[in-house]
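First comes the structure, then the notes that go with it.
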Amino acid sequence: MPIRRLAPETVNRIAAGEVIERPAAAVKELVENALDAGARRIAVAIAGGGIARIEVTDDGNGIPEIELALAIERHATSKLADEALIRIATLGFRGEALPSIGAAARLTLISRPRGQDVAARITVAGGAVGEVAPVAAPFGTRAIVEDLFYATPARRKFLRSTAAETAACVEAVRHLALAAPEVAFALSIDGVVSFDLPAQDRRARVAALYGRGEMEALVPIEAVREGVMLSGFIGPASLTRATARHQNFVVNGRPVRDPLLRMALRIAYREVIPQGRHPVAALWLDLGHDRLDVNVHPAKAELRFAEPDGVRSLVIGAIQRALAAPADLAQAPALRLAPRGPAPSWSYAAAPAQQAHGFAEAEIGFGLDLKPVMRRQELPEEPSEYPLGAPIGQILDTYILALAGDGSLVLVDQHAAHERLTEERLRAERDAGGIARQGLLAPVPVDLPADDAARLLGSASALAELGLDIEGFGPGAVLIRAIPAALGPADPAGLLRDIADTMAESGEATALSARLDAVLARMACHRSIRAGRRLEIAEMAALLRQMEATPRAQTCPHGRPTVLKLTRGDLERMFGRAG
């Protein structure tokens, strides 16, 4: 096939697909334009997941009538002082957003700068540009996007559900609102106000978007090194979430998902939070524009730092110093320990299904014990009687060491193993007609972002089948009345926040059964014995016996192994004695 030039319309639609791949991208570009125009208030309205309609109204500088037609031409911009593509001080600069939206949708742009008697309007539909016409409107700009991707139906076919696209639009607005707390932000979804925030300081904006309950626990952080300034808020090691949704980075006013910064955050917390959990952070990084390249990604979500090692070191060091600082006991949440009962007991009164395998049901005690990191005691059982053998000690307060009947060593990850046991118990209760629930003595209110609260309340009946009773408690709040009885003294608020994160990550397009399975796994994690918890020999033995009686006990609900076995041959090969 010979090489040929593509038609301008085709070029525009290809470029539109690079910049506007889903409704949330159009929302992001329009809000960034409003911020670059100096807006002090931005109102965003979304209908039908942003596919049917997106409207962004601002009180910024506006576009003069004589420049309105130029604004929707490709690669026309007011945001570059020169063409060297350095010292980029605005959120957008490529001059692609408006023409890309106009190529993929029906775009109406109404704008009136101060000093102009009336506003002017221009329309673009599938790349076809209309005439500029006068219209009555206040100062600022109003951008209306309708019927997104009608001109590129193949792309529209690959969009997710309306609910999933709505959630992505909400996240885009939330990130931009967090990045610019000095600007008032309002967001409405299908005619219902999601939030309406005044101009405020960073702490107040983080509280409004993260939830006031979490804001009280966050630690302020500030650091400067060689002209690079870091500020913001981080969660203590005790505050973690199920996903990384509550990690926000703002670089020179630009919200980003930069891999260098995300890696630095993970490294800083690596030694102080459990594997699989994610810290909470809202961080602002400010540095010279000539030390930062924002032109490495069409959506400008990733950056290239001139001195990446220095930035990484600054972030890791500042966070680790903040985490190592003495705790403010006045701000610390109360620690609730169940009173220690008698030494844990376990019996071999096996359930019928387990007797068929010669295994026993055993309840695990949860007493608090302080002993050396690894203990060796007289074996409580005959190793040859059980597949996983008899426990002989605990390594690093995390791994149970057992001796099998054939002389092999067995290592069990106590948290991963108990997570599987709890998940299977919850699953069995659900399949048998409903998970037993435990009413709370006092219902627990939980502040959540409005979209998280709506998502949970929309699934309240399904969650009730899992033993979790919730109801609305005013705007952005949910009241917990009962939790699954199998979870015992779990933290209800932390459990609900993790479930909200899990449901948001799985998305509305995921089948309900799959989403509920993910919720079950998250519940199981909350009840499970933690790594770092010292166990009695009897508790270790009880855990091993339950593993032998539980289906799929070789892995945790997340697919990680729970048990490893080292034979004599394995050890001889490791020490170079085989052969």
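The values are calculated or read from the model by the stated rules, or taken from the named source; none is laboratory data. None of these values were measured; they are calculated from a predicted model. Glycine gets a Cβ as well: all are built from the backbone with ideal geometry, and neighbour counts include every protein chain shown.
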Subset of segment 192-229 (residues that are in a helix (DSSP H, G or I), more than 19 Å from G253 (Cβ to Cβ) and among the charged types (D, E, K, R)): R212, E214
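At least 3 residues that are at pLDDT 70 or above and within 35 Å of the chain's Cα centre (by Cα) in each: list the helices (runs of 4 or more DSSP H) lying fully within segment 503-579 that qualify.
Numbers: elements: 512-527, 537-548, 568-574.
It comes to 512-527, 537-548.
If you check A207 against the conditions, is it more than 15 Å from the chain's Cα centre (by Cα) and free of Cβ contacts under 8 Å to residues at least 12 places away in the same chain?
Working: more than 15 Å from the chain's Cα centre (by Cα): yes; free of Cβ contacts under 8 Å to residues at least 12 places away in the same chain: yes.
In short, yes.
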Residues that are in a helix (DSSP H, G or I) and closer than 18 Å to M215 by Cβ, drawn from segment 452-483: D452, A453
Filter result (among the aliphatic types (A, V, I, L, M), under 15 Å from Y399 (Cα atoms) and surrounded by 15 or more Cβ atoms within 10 Å (Cβ to Cβ)) within segment 551-565: V563
Within segment 440-476, tally of residues that are polar (S, T, N, Q) and in contact (Cβ under 8 Å) with a residue 12 or more places away in the chain: 1
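If we keep just the residues of segment 233-243 that are surrounded by fewer than 18 Cβ atoms within 10 Å (Cβ to Cβ) and among the small types (G, A, S), which is farthest from D309 (Cα to Cα)?
Within segment 233-243, the first condition is being surrounded by fewer than 18 Cβ atoms within 10 Å (Cβ to Cβ), and the residues that meet it are 237-238, 243.
The next check asks that each one be among the small types (G, A, S); those that pass are 237-238.
Details: A237: 24, S238: 28 Å.
Top of the filtered list is S238.
Within segment 386-402, count every residue that is small (G, A, S) and surrounded by fewer than 21 Cβ atoms within 10 Å (Cβ to Cβ).
Here is the first cut: in segment 386-402, the ones small (G, A, S) are 389-390, 393, 402.
After this cut, where a residue has to be surrounded by fewer than 21 Cβ atoms within 10 Å (Cβ to Cβ) as well, the list is 393.
Of the residues in that region, 1 qualify.
Just a yes or no: is a residue in segment 243-251 charged (D, E, K, R), in a loop (DSSP other than H, G, I, E, B) and farther than 25 Å from V183 by Cβ? Walk me through how you get there before you give the answer.
So in segment 243-251, the residues charged (D, E, K, R) come out as 245.
Applying the additional criterion that residues be in a loop (DSSP other than H, G, I, E, B) yields 245.
Okay, now just the ones that are also farther than 25 Å from V183 by Cβ, so none.
Checked segment 243-251: no residue is charged (D, E, K, R), in a loop (DSSP other than H, G, I, E, B) and farther than 25 Å from V183 by Cβ.
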Odd one out for A485 among (1) surrounded by fewer than 16 Cβ atoms within 10 Å (Cβ to Cβ); (2) within 23 Å of the chain's Cα centre (by Cα): (2)
Counted residues, segment 134-163 - those being crowded, with 17+ Cβ neighbours inside 10 Å and small (G, A, S): 4
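Any residue that is more than 25 Å from P445 (Cβ to Cβ) and assigned by TED's automatic domain parsing to the domain that holds I42 - is there at least one of those in segment 215-223? Steps first, answer last, please.
Initially, segment 215-223 is screened for residues more than 25 Å from P445 (Cβ to Cβ), giving 220-223.
Right, trim to assigned by TED's automatic domain parsing to the domain that holds I42 and you get none.
No.
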Number of the exception - A460 against (1) surrounded by fewer than 20 Cβ atoms within 10 Å (Cβ to Cβ); (2) under 30 Å from E505 (Cα atoms); (3) at pLDDT below 85: (3)
Failed item in (1) on the phi > 0 side of the Ramachandran plot; (2) surrounded by 16 or more Cβ atoms within 10 Å (Cβ to Cβ); (3) of a type outside the set (D, E), with L260 passing the rest: (1)
Qualifying residue in segment 428-438 (condition: modelled with pLDDT under 85 and buried (at least 21 other Cβ atoms within 10 Å of the Cβ)): yes
Per-region count, segment 181-196, residues out of contact with any Gly (no Cβ under 9 Å at 6 or more places or on another chain) and surrounded by fewer than 19 Cβ atoms within 10 Å (Cβ to Cβ): 8
Residue ID - surrounded by the most Cβ atoms within 10 Å (Cβ to Cβ), chosen from residues in segment 214-227 that are more than 13 Å from L265 (Cβ to Cβ) and touching a Phe, Trp or Tyr at 6+ places or on another chain (Cβ under 9 Å): L218
The lone exception for I144 - which of (1) at pLDDT 95 or above; (2) assigned to a loop (DSSP other than H, G, I, E, B) it fails: (2)
Every residue from segment 113-131 that is surrounded by fewer than 18 Cβ atoms within 10 Å (Cβ to Cβ) and under 11 Å from P64 (Cβ atoms): R114, G115, Q116
